[in-house]
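Note sheet for the following structure.
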Amino acid sequence: MKYHARIYVTLRPSVLDPAGVAVQSGLKHMGYENVEQVRIGKYIELTITAESEEAAKQQLDVICDRLLANVVIENYCFELTEISTPAEAKV
């Protein structure tokens, strides 16, 4: 089975986000005084092949934990959607 994954990586709430602070400051200078708590993160999309959705989730956890996120200072979550192949769509 093929799956489309959307992965979101964000700094933990306890970690200072200098990029978020800079964006918030820029927004205030532009007149957007109502914007608070800007946090900057990463968004990653990938396609993964696995025997089941559970196997895909387990692989994604390993991929995120080892490569895509620094788990000491970042959190991650993902959404997984099964991709139907053209042959499956005809059935």
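The values are calculated or read from the model by the stated rules, or taken from the named source; none is laboratory data. What you are looking at is a predicted structure, and each value in this text was computed from that prediction instead of being measured. Here the Cβ positions follow ideal geometry from the backbone for every residue, glycine too, while neighbour counts run over all protein chains shown.
So which residues in the stretch 51-70 are surrounded by 13 or more Cβ atoms within 10 Å (Cβ to Cβ), within 26 Å of residue 13 (Cβ to Cβ) and either of a type in the set (A, V, I, L, M, F, W, C) or touching a residue at least 40 places away in the same chain (Cβ under 8 Å) (or both), if there are any at all? The answer is 60, 63, 64, 68, 69.
Residue-level analysis places residue 28 outside the set of residues that are outside any loop (DSSP other than H, G, I, E, B) and in contact with a strand residue (DSSP E or B) (Cβ under 7 Å, 6 or more places away or on another chain). Within this structure, residue 35 fails the test of being without any contact (Cβ under 8 Å) to a residue 24 or more places away in the chain and either assigned to a helix (DSSP H, G or I) or aromatic (Phe, Trp, Tyr) (or both). In summary, residue 1 fulfils each of the numbered conditions (1) of a type in the set (A, V, I, L, M, F, W, C); (2) modelled with pLDDT of 95 or more; (3) closer than 26 Å to residue 84 by Cβ; (4) surrounded by 13 or more Cβ atoms within 10 Å (Cβ to Cβ) with the single exception of condition (2). Out of contact with any strand residue (DSSP E or B) (no Cβ under 9 Å at 6 or more places or on another chain), loosely packed, with under 15 Cβ neighbours inside 10 Å and at pLDDT 95 or above: does that describe residue 35? Criteria met by residue 35.
Assessment of the stretch 11-23 against the conditions (touching a helix residue (DSSP H, G or I) at 6+ places or on another chain (Cβ under 7 Å) and surrounded by 14 or more Cβ atoms within 10 Å (Cβ to Cβ)) yields no matching residue.
If you go through the stretch 38-90 and pick out every residue that is assigned to a loop (DSSP other than H, G, I, E, B) and modelled with pLDDT under 95, you end up with 2. Every condition in (1) in a helix (DSSP H, G or I); (2) surrounded by 12 or more Cβ atoms within 10 Å (Cβ to Cβ); (3) charged (D, E, K, R) holds for residue 6 except the one numbered (1). Would you please name the residue that is nearest to the chain's Cα centre (by Cα), looking only at residues in the stretch 13-52 that are acidic (Asp, Glu) and over 25 Å from residue 79 (Cβ atoms)? Checked the stretch 13-52; the qualifying residue nearest to the chain's Cα centre (by Cα) is 36.
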